[in-house]
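Taken together, the values in this text are just the output of simple stated rules run on the coordinates, not laboratory data. All values derive from a computational prediction rather than experimental measurement. All Cβ positions, even for glycine, are placed from backbone atoms using ideal geometry, and neighbour counts span all protein chains on display.
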Amino acid sequence: MSVDQATVRRIARLARIAVEEHEIPHLQGEINAILSFVEELASVDVEGVEPMTSVIPMKLPLREDVVTDGEIAAKVLANAPLTENGFFLVPKVVE
Amino acid sequence: MTNLTALTLADARKALRDKSITSVELTRAHLDAIEKAKGLNAFVAVTAERALRSAQASDARLAAGEAGPLEGLPLGIKDLYATQGVHTQACSHILDKFKPAYESTVTSHLWRDGAVMLGKLNMDEFAMGSSNETSYYGPVASPWLPPNWTPEHAKAALTGDKKGLLTPGGSSGGSACAVAARLCLAATASDTGGSIRQPAAFTGTVGIKPTYGRCSRYGMVAFASSLDQAGPIARTTRDCAIMLRSMAGRDPKDSTCYDAPVPDYEAAIGRSVKGMTIGIPREYRLDGMAGEIEALWSEGAQWLKAAGAKIVDVSLPHTRHALPAYYIVAPAEASSNLARYDGVRYGLREDGGDIVGLYEQTRAKGFGAEVRRRLMIGTYVLSAGYYDAYYVRAQKIRTLIKRDFETVFAAGVDAILTPATPSAAFGIGEKGSADPVEMYLNDVFTVTVNMAGLPGLVAPAGLSATGLPLGLQLIGRPFDEETLFTLGAVIEQSAPKLKAPAPWWA
């Protein structure tokens with residue numbers, strides 16, 4: 001399988017990465033190189049094989065359902081590029 | 001006084017406990033070495049004041065007889081471990097100025113045990129790379145001189161683009177370089193497809209990727225969560241064993257972290273290998289494999305045999321599918337993990353008009369070329385219509401790869417011996433610029449281990465024809481790191497002693 005330029009634009013949009021028009025052919029080439037590298041997997045017989053979900057079989061540990069964290073708004077916001085009144089600041093999303 | 005930076009971690013530990021040196025002296029010697037080695041670019045942040053304060057506190061505890069297992073020992077920390085209030089960016093521009101308000105579990109274990117942090121180590125951006133060239137902070141130069149280069153020539157190249165100097169491998173290139181160049185006694189590293197073991201092989205150091213779940217991933221910047229695992233790089237198997245004992249252990253903050261006591265790994269060094277069975281997997285004998293790699297591999301098997309182990313041929317039939325399957329699973333998980341970098345909560349922010357524009361511009365400016373490539377591949381293989389054909393199929397193949405190992409271990413094999421890398425270290429600027437896959441092939445021997453969640457140790461085993469270090473890899477049963485330390489020590493003992501690279505960079 002290989003991707004066309006429209007697909008490259010769509011992937012970039014889905015990945016939320018702005019891509020300049022002049023970068024598209026180059027990206028297409030790189031993505032197709034990787035896709036052709038993984039192409040051989042299509043020929044492996046996987047009939048009846050379960051997909052891996054946990055590489056080491058382990059029981060999910062459960063803990064007491066109690067609050068262990070919180071009330072640290074200042075710490076949560078400490079690295080934010082823009083904040084106001086204890087909130088993250090983003091461009092207007094609701095008119 | 002002896003050269004303090006030449007001590008192994010174990011020897012330095014002894015000297016501190018004997019009071020023949022102090023942690024302040026030891027720490028100062030390493031800070032001086034780091035200062036002189038700036039050109040190698042191994043450290044992206046040096047925490048000198050903090051290091052000296054910790055060293056003083058360690059000296060007080062040593063004097064009071066309250067020393068922890070790593071008391072007063074100066075270490076380097078890979079930039080992907082969250083260290084409270086200290087540079088933590090996984091060497092990406094998108095985490096610009098990020099200083100976490102919390103500490104990773106692995107590093108908190110090190111400080112609990114008395115270790116001293118010298119600073120943060122360079123790495124490939126988000127651990128995506130095999131040469132440390134994708135770092136936002138620039139490449140790291142290996143302390144090993146390129147074949148036929150003079151020290152003067154190499155030193156001059158440090159001030160330029162470093163082209164032609166050797167890479168220390170990646171992604172833990174800063175860790176491997178700093179340990180090999182005697183800038184720290186040992187370092188933390190991490191391994192998703194070979195990022196501890198390939199740099200260890202390239203620099204003549206020892207590295208272990210423990211079993212998935214042996215170390216907590218809490219506070220490690222995530223790349224591919226089902227493959228990522230913390231581990232150490234050090235100069236001897238014993239030093240690695242000492243490090244891993246402190247790094248490992250249960251953590252309620254990581255539900256995939258294994259809840260079982262951590263063995264005294266150091267006690268495994270020097271145990272007899274008599275009666276152990278070592279598998280030699282025929283599928284690792286690649287077409288066109290370098291003669292010297294094949295010769296080193298046979299020699300390694302001979303050393304283990306001479307020590308009393310039994311060598312058997314084994315088959316891991318799905319080996320060749322591991323690397324392609326990895327390049328679906330790892331980017332898929334990365335595209336999900338790295339969705340958090342949005343320009344809102346931390347790191348870089350680039351305005352783009354509306355909210356989507358903010359995301360798109362921030363991520364375009366913040367991610368380097370390799371990360372962008374992998375995020376796009378990951379997004380594609382998870383997108384509607386392709387999920388089953390790529391992602392689910394790759395996870396099925398992963399089941400087959402793991403089954404191969406289980407079959408071999410069930411037949412009585414205690415560990416598997418393979419080459420670590422297809423070649424010795426290559427030059428900066430030499431690989432992957434035309435075709436990304438060329439760089440990916442570096443991980444052909446290491447990536448199976450991550451896909452199956454197993455432990456893998458790389459120890460130096462000899463020199464290439466051009467005089468560069470080569471390593472061998474030992475693969476073990478889940479949570480049987482002890483056997484790897486035992487066998488690794490035999491390889492270390494049997495191999496010709498590596499001469500430390502002379503400090504041409506200073």
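General remarks:
- Residues considered: B:ARG245, B:ARG282, B:ARG214, B:ARG235. Of these, the only one that is touching a residue at least 60 places away in the same chain (Cβ under 8 Å), within 28 Å of B:THR407 (Cβ to Cβ) and either charged (D, E, K, R) or within 14 Å of another protein chain (Cβ to nearest Cβ) (or both) is B:ARG214.
- Test: B:GLY429 is closer than 26 Å to B:CYS177 by Cα and in contact with a Lys or Arg (Cβ under 6 Å, 6 or more places away or on another chain): yes
- Segment B:273-328, residues that are part of a strand (DSSP E or B) and in contact with a His (Cβ under 9 Å, 6 or more places away or on another chain): none
- Scanning segment B:413-462 for residues being farther than 16 Å from B:GLY169 by Cα and over 17 Å from the mean Cα position of the chain (by Cα) gives a total of 11.
- Residues that are touching a Leu at 6+ places or on another chain (Cβ under 8 Å) and crowded, with 17+ Cβ neighbours inside 10 Å, drawn from segment B:269-283: B:VAL273, B:MET276, B:ILE278, B:GLY279, B:ILE280, B:PRO281
- Residue within segment B:425-435 that is under 23 Å from B:THR192 (Cα atoms) and within 7 Å of chain A (Cβ to nearest Cβ) present: yes
- When every residue of segment B:196-210 is checked against the conditions, none turns out to be under 29 Å from A:VAL66 (Cα atoms), within 14 Å of chain A (Cβ to nearest Cβ) and touching a residue at least 12 places away in the same chain (Cβ under 8 Å).
- B:ASN442 fulfils the conditions (1) in a helix (DSSP H, G or I); (2) touching a residue at least 24 places away in the same chain (Cβ under 8 Å); (3) crowded, with 20+ Cβ neighbours inside 10 Å; (4) within 13 Å of chain A (Cβ to nearest Cβ) except for a single criterion, (4).
- Some residue of segment B:343-365 being under 28 Å from B:TYR390 (Cα atoms), outside any helix (DSSP H, G or I) and not β-branched (Val, Ile, Thr): no
- Segment B:374-402, residues that are in a helix (DSSP H, G or I), free of Cβ contacts under 8 Å to residues at least 24 places away in the same chain and more than 7 Å from every other protein chain (Cβ to nearest Cβ): B:TYR387, B:ASP388, B:ALA389
- Boolean, A:GLU50 is touching a Pro at 6+ places or on another chain (Cβ under 9 Å), within 8 Å of another protein chain (Cβ to nearest Cβ) and under 30 Å from B:ARG393 (Cβ atoms): no
- Restricting attention to segment B:409-437 and to residues that are outside any loop (DSSP other than H, G, I, E, B) and of a type in the set (A, V, I, L, M, F, W, C), the residue that is surrounded by the most Cβ atoms within 10 Å (Cβ to Cβ) turns out to be B:ALA415.
- Segment B:312-355: number of residues that are closer than 24 Å to B:THR277 by Cβ and over 28 Å from the mean Cα position of the chain (by Cα): 2
- Once segment B:307-345 is narrowed to residues that are more than 10 Å from every other protein chain (Cβ to nearest Cβ) and polar (S, T, N, Q), the residue that is surrounded by the most Cβ atoms within 10 Å (Cβ to Cβ) is B:THR319.
- Restricting attention to segment B:445-474 and to residues that are among the β-branched types (Val, Ile, Thr) and under 23 Å from B:LEU227 (Cβ atoms), the residue that is surrounded by the fewest Cβ atoms within 10 Å (Cβ to Cβ) turns out to be B:VAL447.
- Near pairs, Cβ below 8 angstrom, 6+ apart or cross-chain, from segment A:70-84 (over 13 Å from B:GLY347 (Cβ atoms)) to any residue that is assigned to a loop (DSSP other than H, G, I, E, B) and among the hydrophobic types (A, V, I, L, M, F, W, C): A:ILE72/B:ALA101; A:LYS75/B:ALA101; A:VAL76/B:ALA101; A:THR83/A:LEU89
- All positions within segment B:348-365 that are in contact (Cβ under 8 Å) with a residue 12 or more places away in the chain and either at the interface with chain A (Cβ under 7 Å from one of its Cβ atoms) or surrounded by fewer than 20 Cβ atoms within 10 Å (Cβ to Cβ) (or both): B:ARG349, B:GLU350, B:LEU358, B:TYR359, B:GLN361, B:ARG363, B:ALA364, B:LYS365
- Selection count, segment A:55-95, where residues are at the interface with chain B (Cβ under 8 Å from one of its Cβ atoms) and under 22 Å from B:ASN450 (Cβ atoms): 4
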